[in-house]
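Below you'll find the structure, written out as structure tokens, and then a few comments.
The values are calculated or read from the model by the stated rules, or taken from the named source; none is laboratory data. This is a predicted model, so every value here is computed, not measured. Please note: Cβ atoms are built from the backbone with ideal geometry, for glycine as well, and neighbour counts cover all protein chains shown.
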Amino acid sequence: MAATPVVSVQDVIERMQRIEDELKPDDGAAVFNRMYLTVTEKVVAALAAEQVFHDPIFMAELDVTFAGLWLAAYDSSAPTIPKAWAPLFERRHETSLLPIQFALAGMNAHIAHDLPVALNATCRQLRKSPDDATVRADYEKVNDLLAACENEIRRSFLNEAEQAVDQHLSPVVHLIDSWNIDRARDVAWVNAEAMWAIRGLGPLAGRYEVALARTVGMASRCLLTSVLAA
């Protein structure tokens, strides 16, 4: 039976908490979900605070729409798993991968593909546009919040990596450093603008999104390169 759709940020948190409870900690999907839950809780705290976002209603709707794409991917089964998410779900039980690789592959799929899709959907829903100054300003505010989260996440995962691979850490660090959340969100914004500009062009808009999903999937496969003996 399909899961009940989320309609509020509290629904999002509760659903991710249930996923946390039902998966083993070393499951690649669990690793990403656990990290995403932590980030979502910080975003919700920002939404509750006064004078953080210019348009908290828009940002709450974006948060729900955005998270819904991860939850939809999680609820999917082969061969219907979205192309951007396929690498993570295909390799979620691989013992030759470090937890941070699952986390980064999930962030890559969610930010590089799902974020521009969710931003466009939210703009259509609330009759906004990526050209609106408040939309871009609030998007940038989330960048600052995520940057702090990412630094904390990288430190915790790298501590685990040091213990796991000891003197072989150098290539792992190189792999991890190849992906950056600020650059990913910058590119996601440009893709959101492009998708918005061609939204009325029918087949081209559809092909653009399909191509984006496949390209994001290729990047995730690189992030999921084996670094440990299985």
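Of ASP182, ASP166, all but one fail to be modelled with pLDDT under 90, in a helix (DSSP H, G or I), under 28 Å from LEU37 (Cβ atoms) and of a type in the set (D, E, K, R); the exception is ASP182.
Of all residues in the range 50-107, those satisfying the criterion of being assigned to a loop (DSSP other than H, G, I, E, B) and among the polar types (S, T, N, Q) are GLN51, SER76, SER77, THR80, THR95, SER96. Candidates are the residues of the range 1-53 that are more than 19 Å from the chain's Cα centre (by Cα) and among the small types (Gly, Ala, Ser); the one that is modelled with the lowest pLDDT is ALA2. So, VAL12, is that one among the hydrophobic types (A, V, I, L, M, F, W, C), in a helix (DSSP H, G or I) and surrounded by 16 or more Cβ atoms within 10 Å (Cβ to Cβ) or not? Yes: the conditions hold for VAL12. Determine if the range 79-89 includes at least one residue that is surrounded by fewer than 18 Cβ atoms within 10 Å (Cβ to Cβ), closer than 22 Å to CYS222 by Cα and at pLDDT below 95. Yes - at least one qualifying residue is present in the range 79-89.
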